[in-house]
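One structure below.
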Amino acid sequence: MELYLKGIQIACKGIPATVGVSLIALVVGATFGLLIALARLSDNKVLRGICGVYVDVVRGTPMVVHALIMAYG
């Protein structure tokens, strides 16, 4: 039982880092998504096309593929 409590204590030490990384990822993701959405609504055909291809590729591939690309590629 003591081993489990020690493991829980170690896990609890990581909570602040996890929450911090999650908040940073939330802010960066929301900002990036807003910029992409605004670019897709712009009158510039080149910018709209680039963002359209990006959105189609990201939404068209499974998340596992993205994870594998980040891990190995």
Residue hits (the range 5-45; at pLDDT 95 or above, farther than 22 Å from Val58 by Cα and of a type in the set (S, T, N, Q)) are Thr18
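Quick one: is Leu3 loosely packed, with under 10 Cβ neighbours inside 10 Å and at negative phi? Give the steps one after another, and end with the answer.
On the way: loosely packed, with under 10 Cβ neighbours inside 10 Å: yes; at negative phi: yes.
Against the criterion (loosely packed, with under 10 Cβ neighbours inside 10 Å and at negative phi), Leu3 qualifies.
Mind checking which residues of the range 61-73 are under 22 Å from Leu34 (Cα atoms) and open to solvent by 60 Å² or more (accessible area, probe 1.4 Å)?
Step one: list which residues in the range 61-73 are under 22 Å from Leu34 (Cα atoms), which gives 61-63, 66.
Once the filter is applied, which keeps residues that are under 22 Å from Leu34 (Cα atoms) and open to solvent by 60 Å² or more (accessible area, probe 1.4 Å), the range 61-73 yields Pro62, Met63.
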Looking at the chain, what helices (runs of 4 or more DSSP H) fall wholly within it and have at least 1 residues that are within 13 Å of the chain's Cα centre (by Cα)? 15-40, 45-60, 63-72
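The values are calculated or read from the model by the stated rules, or taken from the named source; none is laboratory data. Just so it is clear, the structure is predicted and the values come from calculations on it, not from any experiment. As a convention, Cβ positions derive from the backbone with ideal geometry for all residues, glycine included, and neighbour counts pool all protein chains shown. Ligands, DNA and RNA are excluded from the accessible area calculation, which covers all protein heavy atoms including side chains. Shrake-Rupley method; radii C 1.70, N 1.55, O 1.52, S 1.80 Å.
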